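Step one of this worksheet: look at the structure below.
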Amino acid sequence: MRPSRWVPAAVVLGLALTAASTASLGARRAALSANEEFYKELELFENALAIIQTDYVEEAEAKQLIYGALKGMLATLDPYSQFLDPDSYNELKVDTEGEFGGLGIEITIRDELLTVITPIDGTPAYEVGLRAKDRIVKIDGELTRGLSLLDAVKKLRGRPGSQVRLTVLREGENELKDFTITRAVIKIESVRDAKLLQNGIAYIRLSDFRERTTEDLRGAIERLKGEAMSSLVLDLRNNPGGLLDVAVSASELFLTRNDLIVTTKGRLRNQNLEFRARGEGLLNGLPLVVLINEGSASASEILAGAIQDHHRGVILGTTSHGKASVQTVFPLKDGSALRLTTSKYFTPAGRSIHGEGIQPDVVVPFVEPPEEPAAKNHAEEVFEQLAVEEPAAQPTEPLELARDNQLARAVDLLKGLKVYQERGTLQ
């Protein structure tokens with residue numbers, strides 16, 4: 001009886017091998033066909049290059065032609081893939097270390113228009129009033145339509161102290177706005193602010209994700225815990241993102257061991273990755289509110305998405321930018337590099353937020369604070385001082401809350417949670 005069991009199995013195995021062989025042969029033929037098509041198109045490029053070299057009005061430098069072709073080729077893929085010449089590659093390496101020259105804005109191409117992702121806190125762009133979603137129509141009077149992202153960055157950067165004029169179309173407005181901005185050396189500190197507000201409620205403003213971000217964030221949290229922090233507002237508004245590994249290590253500070261943080265998926269097997277928390281977080285269950293807006297992108301969306309999917313905190317504000325792709329830098333032998341989109345990322349619940357953004361749990365649009373009253377002259381100040389008989393009452397809330405309605409709502413939410421906890425309503 002035993003041989004009769006093996007015969008059908010052998011037949012099935014033979015059929016399987018035949019099918020696999022046929023499938024493999026078909027795959028090889030398809031690959032060969034694709035290669036033939038590729039080399040046929042490559043001949044087109046070679047022909048064009050030969051014509052330029054022989055018939056163009058002036059002799060063209062070979063490297064200039066190849067660099068131009070690479071820039072155009074990468075630009076056809078997506079707004080985030082770029083060819084970086086040696087100077088641009090060096091600038092990119094400086095950027096991740098936290099100091100560079102320019103205006104202090106993160107930009108992208110959206111609907112074929114140069115668009116501000118976010119102005120970085122404390123930079124010239126931030127100080128003059130540029131906003132997320134502003135469309136830069138002109139740079140020094142030259143139209144930006146059709147301008148590559150890399151070329152735009154080169155035009156915006158320059159010698160510290162020099163000026164650049166931007167013409168901007170703001171969402172919801174019909175008239176163009178002109179901004180004259182003085183370039184400066186941009187020094188980025190990821191933790192822009194870390195302090196206690198009131199009633200044990202702490203506030204940390206995180207501006208981006210660079211090499212030292214997790215270390216600085218850890219230090220800020222531990223210091224605030226030592227000052228009797230009982231809850232936290234983490235401000236990711238206008239945070240354009242940064243390094244993937246830093247987004248993961250920063251997320252670990254708010255999650256528990258083995259929590260899934262993010263997954264990435266690409267064409268190659270080694271691009272399909274899972275990132276999980278390797279240790280226990282620092283907050284030990286303390287209430288957490290995360291502020292986001294349309295300027296929160298990339299790595300900040302990874303952090304906000306992980307906190308939201310694990311129900312570790314409340315996301316408050318407006319919908320984030322929606323950049324869920326990962327870029328890898330491939331250095332080339334002449335000092336240039338390819339910055340190539342190699343995978344897309346997904347939140348722990350498997351959500352793809354590319355083009356969609358993180359939707360807040362509590363939607364609170366930002367309301368512009370009223371303008372400061374005009375400065376009084378010296379005579380008015382003297383008369384007011386003479387008229388005052390009693391000291392003026394101190395404000396009942398910090399100035400930040402009076403001028404930032406989103407932060408004020410976050411603080412109110414944490415106050416409410418604290419009341420319920422003290423009453424034993426929440427575990």
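The values are calculated or read from the model by the stated rules, or taken from the named source; none is laboratory data. Because the structure is predicted, anything quoted here is derived from the model rather than measured. Neighbour counts run over all protein chains shown; Cβ positions are idealised from the backbone, glycine included.
Among the candidates SER231, SER207, single out the residue that is buried (at least 16 other Cβ atoms within 10 Å of the Cβ), within 16 Å of the chain's Cα centre (by Cα) and among the polar types (S, T, N, Q).
On the way: SER231 fails: within 16 Å of the chain's Cα centre (by Cα).
Sole residue among the options that is buried (at least 16 other Cβ atoms within 10 Å of the Cβ), within 16 Å of the chain's Cα centre (by Cα) and among the polar types (S, T, N, Q): SER207.
Within the range 195-230, track down each residue that is assigned to a strand (DSSP E or B), in contact with a Lys or Arg (Cβ under 8 Å, 6 or more places away or on another chain) and within 24 Å of GLY104 (Cα to Cα). Give the derivation first.
Looking only at the range 195-230, we keep the residues that are assigned to a strand (DSSP E or B), and these are 195-198, 201-206, 209.
Still in the running and in contact with a Lys or Arg (Cβ under 8 Å, 6 or more places away or on another chain): 201-203, 205-206.
TYR203, ARG205, LEU206 - these are the residues of the range 195-230 that are assigned to a strand (DSSP E or B), in contact with a Lys or Arg (Cβ under 8 Å, 6 or more places away or on another chain) and within 24 Å of GLY104 (Cα to Cα).
Those residues that are closer than 30 Å to GLU211 by Cα and assigned to a loop (DSSP other than H, G, I, E, B), I need them from the range 167-189; list them, please. So that I can check it myself, show each step before the final result.
Start the filter on the range 167-189 by keeping residues that are closer than 30 Å to GLU211 by Cα, which leaves 181-189.
Scanning the range 167-189 gives ARG183, ILE188, GLU189.
Search the range 231-253 for residues being of a type in the set (A, V, I, L, M, F, W, C) and part of a strand (DSSP E or B), and hand back the single one that is farthest from ILE315 (Cα to Cα). Talk me through it step by step, then tell me what you get.
The first filter runs over the range 231-253 and keeps only residues of a type in the set (A, V, I, L, M, F, W, C), leaving 232-234, 236, 243-244, 246-248, 250, 253.
Now drop any that are not part of a strand (DSSP E or B), which leaves 232-234.
Numbers: LEU232: 12, VAL233: 10, LEU234: 10 Å.
This residue is LEU232.
Of the conditions (1) among the β-branched types (Val, Ile, Thr); (2) surrounded by 14 or more Cβ atoms within 10 Å (Cβ to Cβ); (3) within 24 Å of the chain's Cα centre (by Cα), ILE201 fails just one. Which one is it?
Only one criterion in (1) among the β-branched types (Val, Ile, Thr); (2) surrounded by 14 or more Cβ atoms within 10 Å (Cβ to Cβ); (3) within 24 Å of the chain's Cα centre (by Cα) is unmet by ILE201, namely (3).
Going by what's in this entry, would PHE275 be described as at pLDDT 95 or above, buried (at least 23 other Cβ atoms within 10 Å of the Cβ) and among the aromatic types (Phe, Trp, Tyr)? Can you show your working first?
Values: at pLDDT 95 or above: yes; buried (at least 23 other Cβ atoms within 10 Å of the Cβ): no; among the aromatic types (Phe, Trp, Tyr): yes.
Here the answer is no, as PHE275 does not meet what is asked.
So, in the range 121-147, exactly how many residues are in a loop (DSSP other than H, G, I, E, B) and either in the same structural domain as GLY295 (by TED's automatic domain parsing) or surrounded by 14 or more Cβ atoms within 10 Å (Cβ to Cβ) (or both)? Give the derivation first.
First, the residues of the range 121-147 that are in a loop (DSSP other than H, G, I, E, B): 121-123, 129-134, 140-141, 144-147.
Right, trim to either in the same structural domain as GLY295 (by TED's automatic domain parsing) or surrounded by 14 or more Cβ atoms within 10 Å (Cβ to Cβ) (or both) and you get 121-123, 130-134, 144, 147.
Of the residues in the range 121-147, 10 are in a loop (DSSP other than H, G, I, E, B) and either in the same structural domain as GLY295 (by TED's automatic domain parsing) or surrounded by 14 or more Cβ atoms within 10 Å (Cβ to Cβ) (or both).
Of all residues in the range 256-266 being out of contact with any Pro (no Cβ under 9 Å at 6 or more places or on another chain) and farther than 26 Å from ILE117 by Cβ, which is surrounded by the fewest Cβ atoms within 10 Å (Cβ to Cβ)?
Going through the range 256-266, the residues out of contact with any Pro (no Cβ under 9 Å at 6 or more places or on another chain) turn out to be 256-258, 264-266.
Add one more test, that the residue is farther than 26 Å from ILE117 by Cβ, and what stays is 256-258.
Working: THR256: 14, ARG257: 11, ASN258: 9.
Selected residue: ASN258.
What about ARG192, is it among the basic types (Lys, Arg), farther than 27 Å from THR264 by Cβ, at pLDDT below 95 and assigned to a loop (DSSP other than H, G, I, E, B)?
Details: among the basic types (Lys, Arg): yes; farther than 27 Å from THR264 by Cβ: yes; at pLDDT below 95: yes; assigned to a loop (DSSP other than H, G, I, E, B): no.
So ARG192 does not fit the description; no.
Sort through LEU65, LEU49, LEU77, LEU150 and tell me the only one that's in contact (Cβ under 8 Å) with a residue 60 or more places away in the chain and part of a helix (DSSP H, G or I).
On the way: LEU65 fails: in contact (Cβ under 8 Å) with a residue 60 or more places away in the chain; LEU49 fails: in contact (Cβ under 8 Å) with a residue 60 or more places away in the chain; LEU77 fails: part of a helix (DSSP H, G or I).
Of the residues listed, the single one that is in contact (Cβ under 8 Å) with a residue 60 or more places away in the chain and part of a helix (DSSP H, G or I) is LEU150.
Do we have TYR39 as of a type outside the set (A, V, I, L, M, F, W, C), modelled with pLDDT of 90 or more and more than 30 Å from THR182 (Cβ to Cβ) here? Working first, answer last.
Working: of a type outside the set (A, V, I, L, M, F, W, C): yes; modelled with pLDDT of 90 or more: no; more than 30 Å from THR182 (Cβ to Cβ): yes.
For TYR39, the condition - of a type outside the set (A, V, I, L, M, F, W, C), modelled with pLDDT of 90 or more and more than 30 Å from THR182 (Cβ to Cβ) - is not met.
What's the number of the only condition in (1) in contact with a Phe, Trp or Tyr (Cβ under 7 Å, 6 or more places away or on another chain); (2) within 23 Å of LEU338 (Cα to Cα) that ARG110 fails to meet?
(1)
So that you can scan it fast, the table gives a plain yes or no per residue for (1) surrounded by fewer than 24 Cβ atoms within 10 Å (Cβ to Cβ); (2) of a type outside the set (Lys, Arg); (3) free of Cβ contacts under 8 Å to residues at least 60 places away in the same chain; (4) under 16 Å from ASN239 (Cα atoms):
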position	(1), (2), (3), (4)
ASN284	yes, yes, yes, no
PRO287	yes, yes, no, no
LEU291	no, yes, no, yes
GLU294	yes, yes, no, yes
SER300	no, yes, no, yes
ALA304	no, yes, no, yes
ASP309	yes, yes, yes, no
GLY317	no, yes, no, yes
GLY322	yes, yes, yes, yes
